[in-house]
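The values are calculated or read from the model by the stated rules, or taken from the named source; none is laboratory data. Since the structure is predicted, the reported quantities are computational estimates derived from the model, not experimental observations. Here the Cβ positions follow ideal geometry from the backbone for every residue, glycine too, while neighbour counts run over all protein chains shown. Keep in mind that these areas ignore ligands, DNA and RNA; they rest on the heavy atoms of the full protein, side chains included. Shrake-Rupley method; radii C 1.70, N 1.55, O 1.52, S 1.80 Å.
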Amino acid sequence: MNTVAMHEPLPQDVEQGVAGYVDRGYGLIRGVFASDEIDRLVRESEKLWRQHVGAGCGNLRFGVRLDRSGKTVIDRIDPVADISETFAAVNRTQRLISIAEAGLGGPVLVMKEKLIYRWPGTQGFGLHRDQEYTTPMSGVPGSEVLTISISLDRATRDAGPPEFFPGLRNRATSAPAAEPRDVDESELRGVDSCMPETDPGDVILFDGQIPHRSDWNRSDHCRRIYMISFVPARYPDARKNYYAGRISEQKEMRQDLVEGSIFFE
């Protein structure tokens, strides 16, 4: 069985990152992956793009965003593990599993994963909590979902990295009229945020409760990240339930977007 060798981050960085996750719903660990491991994942991401993007937006495995011109573009592959042994091996890596188990307090399973390609000129996502999108499908509360986001490219502020709002994590918030699952921007008045710039190999931990958003990628390079969401092992059907719900939702949303067949492959 293939595995991905891991660079050893400093123990205090791991401890602080997990402690931040437990206390605030957000943590950062520098240097979890060494440069050669990241190079391998970047090469695999490039291969997957070449092999699969030709199927177009009709393939429900792809997520879509708008670019600056208003054109719909593919910006992620979700799920990934069933078409890439390289990324499936990342999901099984004991170092990441140990971090997730420390954050969630026991054995874990992978609920979902996605490979995001945030191309230059592509929009980010609005202010939201992940739990509003995942819990109805998976049945797992947002407080019990730990997502590990692995930076494959340098993410400076002009590349539109995620911005987190720990102060809103446990606060009831209003939603914008256009999307009842999101958080209204008016809630941000007087609230501090965290927007870490990351290097390839750094990881961010966050739970399903913490509001976050991202801006346009205004840089001249793609900002790729690989995200794995872990849940406690007592939810053995979380992955099956989540992807059944997600694919059904995506199919409905693509009806007005795609001319021709809609499929999942």
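Got at least one residue in segment 78-92 being in contact (Cβ under 8 Å) with a residue 24 or more places away in the chain, touching a Ser or Thr at 6+ places or on another chain (Cβ under 8 Å) and either surrounded by fewer than 21 Cβ atoms within 10 Å (Cβ to Cβ) or among the hydroxyl-bearing types (Ser, Thr, Tyr) (or both)?
Yes, segment 78-92 contains at least one residue that is in contact (Cβ under 8 Å) with a residue 24 or more places away in the chain, touching a Ser or Thr at 6+ places or on another chain (Cβ under 8 Å) and either surrounded by fewer than 21 Cβ atoms within 10 Å (Cβ to Cβ) or among the hydroxyl-bearing types (Ser, Thr, Tyr) (or both).
Only one of (1) under 21 Å from Leu104 (Cβ atoms); (2) at pLDDT 95 or above fails for Asp39. Which number is that?
Evaluating Asp39 over (1) under 21 Å from Leu104 (Cβ atoms); (2) at pLDDT 95 or above leaves (1) as the failure.
Determine whether segment 54-64 contains at least one residue that is at pLDDT below 95, open to solvent by 20 Å² or more (accessible area, probe 1.4 Å) and part of a helix (DSSP H, G or I).
The answer is yes; a qualifying residue exists.
Name, by its number, the condition in (1) closer than 29 Å to Cys194 by Cα; (2) in a helix (DSSP H, G or I) that does not hold for Pro9.
(2)
Conditions (1) hydroxyl-bearing (Ser, Thr, Tyr); (2) in contact with a Cys (Cβ under 8 Å, 6 or more places away or on another chain), marked per residue:
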position: Gly56; (1), (2): no, no
position: Asn59; (1), (2): no, no
position: Arg65; (1), (2): no, no
position: Ser69; (1), (2): yes, no
position: Thr72; (1), (2): yes, yes
position: Asn91; (1), (2): no, no
position: Leu127; (1), (2): no, no
position: Gln131; (1), (2): no, no
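Looking only at segment 120-139, decide whether some residue is out of contact with any Pro (no Cβ under 8 Å at 6 or more places or on another chain) and of a type in the set (A, V, I, L, M).
yes
Got a number for residues in segment 27-45 being surrounded by 20 or more Cβ atoms within 10 Å (Cβ to Cβ) and hydroxyl-bearing (Ser, Thr, Tyr)?
Final tally of qualifying residues: 1.
Please give the number of the condition Thr86 fails out of (1) part of a helix (DSSP H, G or I); (2) in contact with a Pro (Cβ under 9 Å, 6 or more places away or on another chain).
(2)
Quick check on segment 207-247: of everything there that is more than 30 Å from Gly121 (Cβ to Cβ), assigned to a loop (DSSP other than H, G, I, E, B) and not acidic (Asp, Glu), which residue is most open to solvent (accessible area, probe 1.4 Å)?
Across segment 207-247, the extreme among qualifying residues is Arg234.
Looking at (1) open to solvent by less than 20 Å² (accessible area, probe 1.4 Å); (2) within 24 Å of Pro211 (Cα to Cα); (3) more than 17 Å from the chain's Cα centre (by Cα), can you tell me which one Leu104 breaks?
The failed condition is (1).
Within segment 146-164, can you find the residues that are out of contact with any Cys (no Cβ under 8 Å at 6 or more places or on another chain), open to solvent by less than 10 Å² (accessible area, probe 1.4 Å) and not small (Gly, Ala, Ser)?
Answer for segment 146-164, where residues must be out of contact with any Cys (no Cβ under 8 Å at 6 or more places or on another chain), open to solvent by less than 10 Å² (accessible area, probe 1.4 Å) and not small (Gly, Ala, Ser): Leu146, Thr147, Ile148, Ile150, Leu152, Pro161.
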